[in-house]
Amino acid sequence: MRRKVIAGNWKMNMLPNEAIDFINNLAPLVKDSKNEVIICVPFTDLFYTLLTVQETNIHVGAQNMHWEEKGAYTGEVSADMLKSINVEYVIIGHSERRQYFNETDETVNLKVKSALKHGLKPIVCVGETLEQKEAGKTLEVVTSQTSKALQGLTLEDISNTIVAYEPIWAIGTGKTASSDDANNSIKAIRNQIQKDFGTDDITILYGGSVKEDNARELFTMSDIDGGLVGGASLNAEKFSKIVNFD
Ligand code: 13P
């Protein structure tokens, strides 16, 4: 059985002192969990968070990176830079970045390859808009995004990659995909990866208004390996209940 993974995405929230307090509060609450616990923090919190998680079972991720190694890209951060301070995970292609910062399937693919090359584990986001859902295109959209994001990866790369299915209409809206719908989309993503790489052994998370009262139902579905949690990851106690759903 695949290990469950619960990842928080703080988005643009939390100052360093708040991050340190959060980790100090969360650590004792999740110390006995057998699930992988990840917190993806803003760049300015990374260093403090990495120092604070030492001796805990909490892992740390960034929320974005550039695909180039270095150079004249003002304001950007490379995979090598993240790796140099021991960041382990990086969210790539979140719908907010696709929507507000013009990320495309092509740039997502470049970032995924660069992350893996430098030993970071990408958490690759895919998901349909409300319009696409209503047009019955969900599975077509998410399988195509997945294929394009993972194009050119090796089998070993796949084993170091996490996919997060986040229907855009469910993010920050309080609307959650039904557990059956989320499971069906994730099953379709898994089948696509089987078709593209000959394995379906990959961790696939659900994201979109995950809370303590719906986590268990979602995370115990056959194909859902855990969650990528936004709003509810900003409160240590609430987040710990999601981590400890089982
Ligand atoms: P919410 O949990 O706030 O809906 O956000 C989901 C998300 O975008 C996580 O990456």
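Worth pointing out:
- Those residues of the range 174-197 which are among the polar types (S, T, N, Q), more than 19 Å from the chain's Cα centre (by Cα) and away from the ligand (no atom under 16 Å from the Cβ), in sequence order: Asn191, Gln194
- Meets criteria (of a type in the set (A, V, I, L, M) and more than 16 Å from the ligand (Cβ to nearest atom)) for Ala62: no
- Comparison of Leu218, Leu234, Leu228 shows that the only residue that is within 16 Å of the ligand (Cβ to nearest atom), touching a Leu at 6+ places or on another chain (Cβ under 6 Å) and modelled with pLDDT of 95 or more is Leu228.
- Qualifying residue in the range 65-79 (condition: surrounded by 15 or more Cβ atoms within 10 Å (Cβ to Cβ), touching a His at 6+ places or on another chain (Cβ under 8 Å), of a type in the set (Val, Ile, Thr) and under 24 Å from Ala164 (Cβ atoms)): yes
- Breaking point among (1) away from the ligand (no atom under 13 Å from the Cβ); (2) more than 24 Å from Thr129 (Cβ to Cβ), for Glu212: (1)
- Test: residue in the range 133-149 that is in contact (Cβ under 8 Å) with a residue 40 or more places away in the chain and assigned to a loop (DSSP other than H, G, I, E, B): no
The values are calculated or read from the model by the stated rules, or taken from the named source; none is laboratory data. Everything numeric in this text was worked out from a predicted model, so none of it was measured. FYI the Cβ positions are ideal-geometry reconstructions off the backbone, even for glycines, and counts take in every protein chain you see.
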